[in-house]
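J.: Right, I'll just put the structure down here and ask away after.
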Amino acid sequence: MGAKLVFRMAEEQDLNRIVEMLADDVLGSQRERYEQPLPQSYLDAFKAISSDPNNELIVACRDNEVIGVQQITFTPYITHQGGWRATIEGVRTSSRVRGMGVGSELIKWAIKRAEERGCHLVQLTTDKKRPDALRFYEKLGFTATHEGLKLKL
């Protein structure tokens with residue numbers, strides 16, 4: 001397994017590696033543009049996320065190499081007595097370390113972070129074309145209690 005995992009806020013110099021991981025699977029390769037130089041839209045999104053105190057782009061590193069990423073968004077709601085929720089999105093690990101526990105550690109870290117921020121709920125979505133991901137999240141205690149809908153614009 002190697003050295004201990006370190007979690008930290010992503011930095012601009014991590015962006016190339018992050019996009020590479022996002023694009024490195026069947027679905028990601030259809031929607032991401034991992035090319036050099038990276039499209040400006042990625043840098044714009046990174047800057048917007050970094051400047052928002054309710055968004056955190058987190059990388060997992062081993063031996064100073066970025067091997068995982070996730071975005072956590074903290075949202076206040078009127079429901080649940082004005083409680084806060086954490087939404088986890090964009091979870092990816094390097095293809096070299098898939099199946100080695102890095103993804104589980106990312107999610108566990110996000111759950112702890114949500115607790116630190118006073119959230120009452122952690123939510124996430126996974127594409128229906130990813131049945132293995134659904135099983136992965138269920139093993140971590142998530143349950144499919146709602147039906148999610150999306151409208152592409």
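The values are calculated or read from the model by the stated rules, or taken from the named source; none is laboratory data. These numbers come from a predicted model, not from an experiment. Glycine also receives a Cβ, built like all others from the backbone with ideal geometry; neighbour counts cover every protein chain displayed. Heavy atoms of the whole protein, side chains included, go into the accessibility calculation; ligands, DNA and RNA do not. Shrake-Rupley method; radii C 1.70, N 1.55, O 1.52, S 1.80 Å.
J.: Hey, what's the chain come to in accessible area per residue, 1.4 Å probe, Å²?
T.: Normalised by residue count, the accessible surface of the chain is 64 Å².
J.: Using label points projected 7 Å from each Cα along Cα→Cβ, tell me how many nm separate Leu149 and His120, to one decimal.
T.: That separation, rounded to one decimal, is 2.5 nm.
J.: While we're looking at this one, here's another question. Can you grab the distance from the C-alpha centre of region 105-120 to the C-alpha centre of region 125-153, Å, no decimals?
T.: 18
J.: For region 18-54, which GluC sites (Glu not before Pro) are both in a DSSP coil and crowded by at most 12 other Cβ atoms within 10 Å?
T.: Glu35
J.: Additional query: Please work out the Cα center distance from region 77-95 to region 24-51, rounded to the nearest Å.
T.: Rounded to whole Å, the Cα centres lie 20 Å apart.
J.: Rounded to the nearest 0.05, what FRET efficiency do Lys112 and Asn16 have when you use their Cβ-Cβ distance and R0 = 25 Å?
T.: Once the sixth-power term is evaluated, E becomes 0.35.
J.: GNM on the chain, C-alpha springs below 10 Å: top fluctuator among Gly141, Gly101, Gly68?
T.: Judging by the Gaussian network model, the answer is Gly141.
J.: Same structure again: Compute the relative contact order of region 1-65 as a whole-number percentage, counting only Cα pairs closer than 8 Å that sit 6 or more residues apart in sequence.
T.: So the answer I get is 51 percent.
J.: While we're here: Give, rounded to the nearest 20 debye, the magnitude of the charge dipole that region 114-153 has about its Cα centre when Lys and Arg contribute +1 at Cβ and Asp and Glu contribute -1 at Cβ.
T.: 280
J.: Give me the Å³ per residue figure for the convex hull around the C-alpha atoms of region 1-74.
T.: With only Cα atoms used, region 1-74 gives 105 Å³ per residue.
J.: If you don't mind, there's one more thing I want to ask. Give, rounded to the nearest 20 debye, the magnitude of the charge dipole that region 64-116 has about its Cα centre when Lys and Arg contribute +1 at Cβ and Asp and Glu contribute -1 at Cβ.
T.: 140
J.: Within region 101-147, list the GluC sites (Glu not before Pro) lying in a DSSP loop whose Cβ has at most 11 other Cβ atoms in a 10 Å radius.
T.: Hits after loop and neighbour filter: Glu147.
J.: While we're here: Within the accessible area of the chain, what % is carbon and sulfur when the probe is 1.4 Å and the other protein chains stay in place?
T.: Here it works out to 54 percent.
J.: Longer than 26 Å from Cα to Cα, which of Lys108/Lys152; Lys108/Lys129; Lys4/Lys150; Lys4/Lys139 are they? Say none if no pair is.
T.: Where the Cα-Cα span goes over 26 Å, the pairs concerned are Lys108/Lys152; Lys4/Lys150.
J.: Based solely on its DSSP helices, what 222 nm [θ] is calculated for the chain when runs of n ≥ 4 H residues each add -39,500 (n - 2.57) and the sum is averaged over all residues, nearest 500 deg cm²/dmol?
T.: -9500 deg cm²/dmol
J.: Relative contact order (percent) for the chain, with alpha-carbon contacts under 8 angstrom and 6 or more residues of separation?
T.: Normalised by residue count, the contact order of the chain is 18 percent.
J.: First obtain the Kirkwood hydrodynamic radius of region 61-113 from its Cα pairs, then insert it into the Stokes-Einstein equation at 37 °C and 0.692 mPa s, and state the resulting D in µm² per second as a whole number.
T.: 264
J.: Using a simple charge model, +1 on the beta-carbon of Lys and Arg, -1 on the beta-carbon of Asp and Glu, nothing else, what dipole does the chain show about its Cα centre, in debye to the nearest 20?
T.: 440
J.: Would you please give the residues with an amide H less than 5 Å from that of Leu121, counting only those at least 5 places away or on a separate chain, with H modeled from the backbone geometry?
T.: Ala86
J.: Of all DSSP beta bridges located in region 72-146, what percent are antiparallel, nearest 5?
T.: Once the DSSP bridges in region 72-146 are tallied, antiparallel ones form about 50 percent.
J.: A follow-up question, please. As a test of reading the structure, rank His80, His120 by solvent-accessible area (1.4 Å probe, protein chains only), most first.
T.: Solvent-accessible surface, decreasing: His80, His120.
J.: Still on this model: If you take every DSSP beta bridge whose two residues both sit in the chain, what share of them, in percent to the nearest 5, is antiparallel?
T.: Given both bridge residues lie in the chain, the antiparallel proportion sits at roughly 80 percent.
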